[in-house]
Amino acid sequence: MRIGRLLGSGRNADVYELDEAWVLRRYRDGMDATRELPVMSYLSASGYPVPRLGPQPPSAGPGDLVLQRLQGPTMLESLLSGAVGAEEGADLLTGLLAELHTVPARLSPDPEDRVLHLNLHPDNVVMTADGPVVIDWSNTEEGPPALDRAMSALILAQVAVDPAHPAADGARELVTVLVPRLAADDGVPARHLADAAARRTLNPTMTPAEKALIGEAAALVTALAGR
């Protein structure tokens, strides 16, 4: 496997060019990517828009994953450029969450459980010519869909309440539209929002300054949900 140039970096992973069709995503912190493989395969077979999985070479480490090379901006880039507005962005996120939550859990015996992303926000959606594709399944679990909705709302609200963040105004506009739309799909119950907040507090990739905003962000989601 010949690894090409660095295409991008996130909080805990780098993405490298392999060829025109495939990229290598490699974790920097020892995380194991192999647990994502069966989840993404299952979702792909269910028709959910995830990157195709490439052949995993024998030389690949546990933190490596060969994925389809997606062409197009992220939803975040489209929102910042004005190509996608808050209304359209909220519709896209609501639709992606709702579609994901039609997929039955792969392992859980609880009939109410679904596959959850738990990090579905605009920077994890790529706007391809064939439609939006959801990336970064490192946090995936199975559980109640309301937790997934709460997490997406809370992540956006954290940006919205951060006066130093360059996308704060756009995030506030987006989350203000998004939360009422989520209400049409059983909303964001308080207990699931509290669970999402507790999980964010334990997120090792977040700075102390970011974690300090979680309470204010949760209050914003609560206010927008009309509770």
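The values are calculated or read from the model by the stated rules, or taken from the named source; none is laboratory data. As the structure is a prediction and not an experimental result, all values here were calculated from the model. In this analysis, Cβ positions are derived from the backbone assuming ideal geometry, glycine residues included, and neighbour counts consider all displayed protein chains. Remember, those area values only see protein heavy atoms, side chains included, never the ligands or the DNA or RNA. Shrake-Rupley method; radii C 1.70, N 1.55, O 1.52, S 1.80 Å.
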Margin query: With over 19 Å from the mean Cα position of the chain (by Cα) and not polar (S, T, N, Q) as the only criterion, which of Asp32, Asp19 stands out?
Written below: Asp19
Item checked: One residue from Thr140, Thr94 being open to solvent by 20 Å² or more (accessible area, probe 1.4 Å), under 13 Å from the mean Cα position of the chain (by Cα) and under 25 Å from Ala184 (Cβ atoms) -> Thr94
Margin query: What pairs come out if I take residues in region 78-104 that are at negative phi and modelled with pLDDT of 95 or more and pair them with residues that are buried (at least 20 other Cβ atoms within 10 Å of the Cβ) and among the polar types (S, T, N, Q) whose C-beta lies under 6 Å away, six or more apart or interchain?
Written below: Val84/Ser78
Next item on the list: Quick one: count up the residues across region 179-221 that are open to solvent by 40 Å² or more (accessible area, probe 1.4 Å) and in a helix (DSSP H, G or I).
Entry: 17
Item checked: Hits in region 59-89 (condition: over 19 Å from Tyr27 (Cβ atoms) and loosely packed, with under 13 Cβ neighbours inside 10 Å) -> Gln71, Ser81, Gly82, Ala83
Item checked: Members of region 1-43 found to be out of contact with any Lys or Arg (no Cβ under 8 Å at 6 or more places or on another chain), in contact (Cβ under 8 Å) with a residue 24 or more places away in the chain and part of a strand (DSSP E or B), listed by number -> Leu24, Arg25, Arg26, Tyr27
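Looking only at residues in region 28-58 that are of a type in the set (A, V, I, L, M, F, W, C) and either in contact with a Ser or Thr (Cβ under 7 Å, 6 or more places away or on another chain) or surrounded by 11 or more Cβ atoms within 10 Å (Cβ to Cβ) (or both), which one is modelled with the lowest pLDDT?
Met31
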Next item on the list: Pull up region 9-27, narrow it to residues that are among the small types (Gly, Ala, Ser) and more than 13 Å from Gln71 (Cβ to Cβ), then point me to the one that is surrounded by the fewest Cβ atoms within 10 Å (Cβ to Cβ).
Entry: Ser9
Check: Inside region 83-116, can you point out the residues that are in contact with a strand residue (DSSP E or B) (Cβ under 9 Å, 6 or more places away or on another chain), among the charged types (D, E, K, R) and either closer than 30 Å to Ala167 by Cβ or not in a loop (DSSP other than H, G, I, E, B) (or both)?
Finding: Arg114
Item checked: From the options Pro132, Pro51, Pro62, residue that is within 26 Å of Glu17 (Cβ to Cβ) and part of a strand (DSSP E or B) -> Pro132
